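The values are calculated or read from the model by the stated rules, or taken from the named source; none is laboratory data. In this text the structure is predicted, and so the values were computed from the model without any measurement. Note: ideal-geometry Cβ built from the backbone for every residue, glycine included; neighbour counts use all protein chains shown.
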Amino acid sequence: MIQTSWSAPSNIALIKYWGKHGIQLPNNPSISFTLDKSRTHTHVKYEPGASALDLQFLFEGKENIEFAKRTISFLNSINRELPFLQTGKLYIESSNTFPHSTGIASSASAMATLALCLCEIHQKVTDSYSDKIAFLKHASHIARLGSGSACRSIYPYLAQWGQTDSIPSSSDEFAIPVSDVHVDFTTYLDAILIIDSDEKKVSSSAGHQLMEKNPLAEIRYKQAHTNLAELLIALKTGDLDTFIEIVELEALMLHALMMTSQPSYILIRPNTLQGIEKIQLFRQETKIPVCFTLDAGPNIHLLYPKKYQTEVEAFISQQLIMLCEDERVIFDCCGEGPISL
Ligand code: DP6
């Protein structure tokens, strides 16, 4: 029997991946902060055997048939790359550090941690990775096949995914670490304001698909390359004004794309807009470089440098917490990435 355990964090995109083609290939490059506290822990046991793969899946201690079904079809889709998955018995136990009903997407951390476990078993069976870089690259590739944004959760601090001229080693197949960044960005904080924890009415997969007929699609894909090139310079030099401008523009663009899809849909809520206005006003008045981003939902990720933690936390409790469902805020930060347990 082979056993392995990993913990992998979620990530929040600064340049958004929205629109895909082929087998989980992105229509534009993206970049994200790797989070620290919002994580999935996964333990996998593998017993080699002659008959077809048999899977048992436990989520948060309980057998979960729905997750098992989805996982088995994912495992079958990658069993040429990881041949041990063609036969034997696989036992997966997974849990999240963040509550299920927060609206925080768990697919990125879940797929990243599963990919790391599977690649480690593959290594134990075949000894096929020459070094840690090759191992992580393959794990990122496998994670991408499970959920696009998951491929970025493999690396610490900041990760980039999707071929773009400004990074010669970039690829659509897997993410890479972004290392040439100003030290302040490696300790960035992210307060996740839970505006509404309801399940999204349009899934990310459906949203990606709607990009196929979105009249803004080509302009958007081009803009992502330009924004990424400019953001990379800002990350390197510590240019917070440019960072803020691009990050907020990307968040609003993501939601503009949803609003201009056919059929059109709106995921932000009145309190999301109120929060955005308050954040921008606070920044204007105090000159504290705090900004927001959004994922495919109503919750606000408030991003700020660690040195402003006291002021921003006071701002949250005085002006933002009342906009959150049950006053829920998750205080997360940029982190060191996956951990082998
Ligand atoms: C808005 O990675 O969840 O969070 O590849 O279909 O699993 P699938 O989609 P997913 O899309 C994430 C979209 C986003 C932006 C981002 O993380 O870049």
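Figures for the structure shown
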quantity: So THR87, is it touching a Pro at 6+ places or on another chain (Cβ under 8 Å) and hydroxyl-bearing (Ser, Thr, Tyr); calculated: yes
quantity: Test result for LEU136, farther than 30 Å from GLN309 by Cα and buried (at least 16 other Cβ atoms within 10 Å of the Cβ); calculated: yes
quantity: Test: LEU249 is over 19 Å from VAL181 (Cα atoms) and either at pLDDT below 95 or away from the ligand (no atom under 16 Å from the Cβ) (or both); calculated: no
quantity: Complete set of residues in region 66-88 that are within 21 Å of HIS41 (Cβ to Cβ) and either in a strand (DSSP E or B) or out of contact with any Leu (no Cβ under 8 Å at 6 or more places or on another chain) (or both); calculated: GLU66, PHE67, ARG70
quantity: Residue within region 107-117 that is surrounded by 24 or more Cβ atoms within 10 Å (Cβ to Cβ) and more than 17 Å from the chain's Cα centre (by Cα) present; calculated: yes
quantity: Options ILE2, ILE15, ILE65, ILE72: the member that is more than 16 Å from the ligand (Cβ to nearest atom) and in contact with a Pro (Cβ under 9 Å, 6 or more places away or on another chain); calculated: ILE2
quantity: Subset of region 1-59 (residues that are surrounded by fewer than 23 Cβ atoms within 10 Å (Cβ to Cβ), part of a strand (DSSP E or B) and β-branched (Val, Ile, Thr)); calculated: ILE2, THR4, VAL44
quantity: Region 309-330 residues that are more than 18 Å from HIS100 (Cβ to Cβ), paired with ones that are in a helix (DSSP H, G or I) and of a type in the set (Lys, Arg) (beta carbon under 7 Å, 6 or more apart); calculated: GLN319/LYS278; LEU320/LYS278
quantity: Filter result for GLU81 (among the acidic types (Asp, Glu), over 22 Å from the mean Cα position of the chain (by Cα) and loosely packed, with under 13 Cβ neighbours inside 10 Å); calculated: no
quantity: Inter-residue pairs, beta-carbon under 9 Å, first in contact (Cβ under 8 Å) with a residue 40 or more places away in the chain and in region 199-219, second surrounded by 11 or more Cβ atoms within 10 Å (Cβ to Cβ) and β-branched (Val, Ile, Thr), 6+ apart; calculated: LEU210/VAL202; ASN214/THR260; PRO215/THR260; LEU216/THR260
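Rundown of residues vs (1) within 22 Å of ALA112 (Cβ to Cβ); (2) more than 15 Å from the ligand (Cβ to nearest atom), yes/no style:
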residue: GLU173; (1), (2): yes, no
residue: VAL183; (1), (2): no, yes
residue: THR187; (1), (2): yes, yes
residue: ALA191; (1), (2): no, yes
residue: ASP198; (1), (2): no, yes
residue: SER205; (1), (2): yes, no
residue: LEU210; (1), (2): no, no
residue: ASN214; (1), (2): no, no
